[in-house]
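Below is one structure, written out as structure tokens, with a few remarks after it.
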Amino acid sequence: MPRPTKRSLAGKKNLAAAAVEEMPTQKVCSFCKENIGVATKTCKHCGTKQPAKERLEKQKEKFTAEWKEHQKKNCSINKVYDATNLLLHKWNLLESHPVLFLSKKTKNGIVAEFLCPWDIEAEAEETSEDPDGFLRQRPLSCPVVLVSEDNCMIAIGNMPVTTFNAERFNEGLLYLMAYYYALHLTYPKCISTLLSVLQTEILQDSIHEQDLTPSYKKAIGEWKSFIE
Ligand SMILES: [Zn+2]
């Protein structure tokens, strides 16, 4: 084949034809592995939607370490949150109710932030209006003070044990600690530091050596610098 010059129309046509020949017209379905047209979005054999990988990868390439630095410098992370929330909103409209965890590695394990487009707080308020419903859903068996407009209730696990006037709410915490002491209950892990601090700093009680966790020591340090 003669090498086409830039000005040769025939040559251009040949080049175009060669390019078309070289470009794949077929690809393999990502699911059933049958041959399908390269532009096919949904496989005609199995109905699987084909991943739009190439375009997506190109879009991803635009976001580099430089982009990351730019976000940090300009504190424009809120824009990313807005874009994320918009995306979650779209999924919610499509009735695929999304929940997104943004996690970070810390010394104490993974800490996750939780994004959710429906109003979970409103739903939580609804359930807390009904103490029975709340108690049934409780995952912990430790004592808890429930506060309503009229009164306070102490429950252990999902069993209500005492009610008292809402004005005496400030005593509720003492009752709570009293149950731990009287029934020799173990502090649940997720609030053990808080309860240990109450034990030593409010009740002025000593603490067992095994409860002197790094988390407790850190909390005490912060507590002391706060009250100084
Ligand atoms: Zn297929």
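The values are calculated or read from the model by the stated rules, or taken from the named source; none is laboratory data. On a predicted model such as this, the values are computed, not experimentally measured, just so you know. Glycine gets a Cβ as well: all are built from the backbone with ideal geometry, and neighbour counts include every protein chain shown.
Miscellaneous remarks
- Residue satisfying all of: in the stretch 63-85; part of a helix (DSSP H, G or I) and of a type in the set (Ser, Thr, Tyr); modelled with the highest pLDDT among these: Thr84
- Qualifying residue in the stretch 45-55 (condition: under 30 Å from Leu115 (Cα atoms), away from the ligand (no atom under 16 Å from the Cβ) and modelled with pLDDT under 85): yes
- Yes/no for Glu113 being under 30 Å from Leu88 (Cβ atoms), part of a helix (DSSP H, G or I) and modelled with pLDDT under 85: no
- Filter result for Gln59 (more than 16 Å from the ligand (Cβ to nearest atom) and not small (Gly, Ala, Ser)): yes
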